[in-house]
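All remarks here apply to the structure that follows.
The values are calculated or read from the model by the stated rules, or taken from the named source; none is laboratory data. Just so we're clear, the structure is a prediction, and the values are computed from it rather than from any experiment. Note: ideal-geometry Cβ built from the backbone for every residue, glycine included; neighbour counts use all protein chains shown.
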Amino acid sequence: MKRNTIVCKIGTAVLTRKSKKADKLDLNVLNDLAEEISKTMEDFKAKIVLVSSGAIGSGKAKIQLNSGPENTVDQAYASVGQSVLMSKYQDAFNAADPKRTVAQLLLTSAELQRTKEEKYAENLINYLLDNKIVPIVNANDAIDLSELLKSDNDNLAQELAIQIRANLLILLTNVEGFYEGDDLISQISYTQLDEDYIKKHIKTKSHSGRGGMDSKLLAARKAAEKGIPTYIVNGKDPGNLSAIIRGEAIGTKITTK
């Protein structure tokens, strides 16, 4: 299973651990992921783009703000937390490989729908990848209120994967994959994932993030429609990334046929 360009989305539930006041970044998970990503880039010559949640949670763990205008508080947390998140990512990747550099990109779904901005983003990401820099993308929650209110990074990840013509989309979450009842579904075609099917089988959203399994399946369906196979796997086990590239059957694979 040869893969070159991979978009890997890391959810808030993967990056954080429970705390009394606010969920905190789980630095052990972050460090393990950075090491696995760096190793995968070297061993498989993979080019990996990260789409990372966690800015608002990082901001809440850093500082406690007073109440304010509707949505402004979360925007403030996002603006504080984004710098915290990027600092921890840089530390983690430096520990994994002292030569490894990360770059921050704050995008919105609307920008990826505009031809000129889409091309700018694609050119920049490809340039960073060619220079072995890890692009770390997040929704621009601090500025774009529409992103804060209704978007999630699962959708942003699939849009980005399509725009840069990625070979693979991996959605890392805190469960093993998509379940029907107690049964883990190892493989499913995107053609089965219509809205009625998703509503029937998915009833809950993520506690710590904005997305849930429904948003992951919708994102996977859109990516697979464009020829990009997608995996939903447990991100708490960083070895899953290289296992996917080796062709091992883990998590849930959404196929393009």
### Query
When segment 209-225 is examined, which residues are found to be of a type outside the set (D, E), touching a Lys or Arg at 6+ places or on another chain (Cβ under 9 Å) and farther than 12 Å from S189 by Cα?
R210, G211, G212, M213, S215, K216, A219
### Query
For segment 40-149, which helices (runs of 4 or more DSSP H) that fit wholly inside it have 1 or more residues that are within 21 Å of D23 (Cα to Cα) and of a type in the set (D, E)?
72-96
### Query
What number of residues within segment 157-181 are at pLDDT 90 or above and assigned to a loop (DSSP other than H, G, I, E, B)?
9
### Message
Between I10, I63, which is under 20 Å from L156 (Cα atoms), of a type in the set (A, V, I, L, M) and either in contact with a Gly (Cβ under 7 Å, 6 or more places away or on another chain) or without any contact (Cβ under 8 Å) to a residue 24 or more places away in the chain (or both)?
### Response
I10
### Task
Identify all residues within segment 212-239 that are over 15 Å from V7 (Cα atoms), of a type in the set (G, A, S) and outside any helix (DSSP H, G or I); write none if there are none.
G212
